[in-house]
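The block underneath contains the structure these notes are about, expressed in structure tokens.
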Amino acid sequence: MNQDYLNKLSEDILLKVKMEETTSAIRLELESLDLNVLHSSLSNDHKKIAFWINVYNAYYQIIRKEENLSKSAVYNKKLFSIAGELLSLDDVEHGILRRYRYKYSLGYFSNLFASKFVKKHAVEKLDYRIHFALNCGAESCPPIAFYNVKDIDEQLTKATQEFLEVESDFDDQKKIVFTTALFKWFYADFGGNNGVKKIYKEQLNRDISNYKIKFKKYSWEDNLNNFVPDA
């Protein structure tokens, strides 16, 4: 199997979702993948991140449109299968992409009950930029893009920069920055207060070292099919 095949498969299912076409054949193919092939093909973090972000964004849209579930159940109910493993969106986000962080620990603690599958396929190192690529169908979520192995680093940086440009309001007189609640929810992922300030310097070239950080209210209003314009 071509090493890029799995990532192409993850892009294909996301494209089907965007075009509002049936995804049943691709879902069956993802479900039928050989577990060893999945592990060997996703052999580094770039491959894992590109694949699992696309899978997450595709299946969130599919689940919301096909299942009549409460908001919490959308994330924690195991509703789709990859390589024969029944997974939830939380398994992908907090298990694989966040290296099995406990969902409600602000990123400080590991989930002691993570499955063998999650531990085997989790990234080696958590990349905070994933938070600006995962879409949960809400108004305040980052828009959906198609991620590929070759450009993943550049794509994640772009997604981070564009999201922060939109979601950040600076009061330079009072030295306050009003920013996304994502920083608060995953505090340790970003390195705490100092980490957030470093991110602004690196990503937007804004020195907020002497600014106070305040978090905006997150809008959970539905905004499905929110793809970036050129995606």
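The values are calculated or read from the model by the stated rules, or taken from the named source; none is laboratory data. Nothing here was measured: the structure is a model prediction, and the numbers come from that model. When we count neighbours, we look across all protein chains shown, and the Cβ atoms used for this are built from the backbone with ideal geometry, even at glycine.
At a glance:
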read-out	value
Residue list for the stretch 105-120, filter: surrounded by fewer than 18 Cβ atoms within 10 Å (Cβ to Cβ) and either over 19 Å from the mean Cα position of the chain (by Cα) or not in a helix (DSSP H, G or I) (or both)	105, 106, 108, 109, 110, 112, 113, 115, 116
Hey, residue 133 modelled with pLDDT of 95 or more and touching a Gly at 6+ places or on another chain (Cβ under 6 Å) or not	no
Complete set of residues in the stretch 82-114 that are touching an Asp or Glu at 6+ places or on another chain (Cβ under 8 Å) and under 21 Å from residue 69 (Cβ atoms)	82, 103
Test: residue 231 is among the small types (Gly, Ala, Ser) and at pLDDT below 95	yes
Pick from the stretch 175-194, criterion over 21 Å from residue 142 (Cβ atoms) and either in contact (Cβ under 8 Å) with a residue 24 or more places away in the chain or among the acidic types (Asp, Glu) (or both), ranking: surrounded by the fewest Cβ atoms within 10 Å (Cβ to Cβ)	175
Flag if residue 78 is surrounded by fewer than 16 Cβ atoms within 10 Å (Cβ to Cβ), assigned to a helix (DSSP H, G or I) and in contact (Cβ under 8 Å) with a residue 12 or more places away in the chain	no
Residue within the stretch 94-102 that is among the aromatic types (Phe, Trp, Tyr), out of contact with any Lys or Arg (no Cβ under 9 Å at 6 or more places or on another chain) and modelled with pLDDT under 95 present	no
Residue 72 part of a strand (DSSP E or B), out of contact with any strand residue (DSSP E or B) (no Cβ under 6 Å at 6 or more places or on another chain) and farther than 27 Å from residue 203 by Cα	no
Qualifying residues in the stretch 1-47 (those that are of a type in the set (Gly, Ala, Ser) and assigned to a loop (DSSP other than H, G, I, E, B)) - the one farthest from residue 79 (Cα to Cα)	43
Qualifying residue in the stretch 201-208 (condition: outside the structural domain of residue 59 (by TED's automatic domain parsing), buried (at least 20 other Cβ atoms within 10 Å of the Cβ) and of a type in the set (A, V, I, L, M, F, W, C))	yes
When residues of the stretch 82-99 are limited to those that are acidic (Asp, Glu) and within 13 Å of the chain's Cα centre (by Cα), the one nearest to residue 37 (Cα to Cα)	91
Among the candidates 187, 128, 75, residue that is of a type outside the set (S, T, N, Q) and touching a Gly at 6+ places or on another chain (Cβ under 7 Å)	187
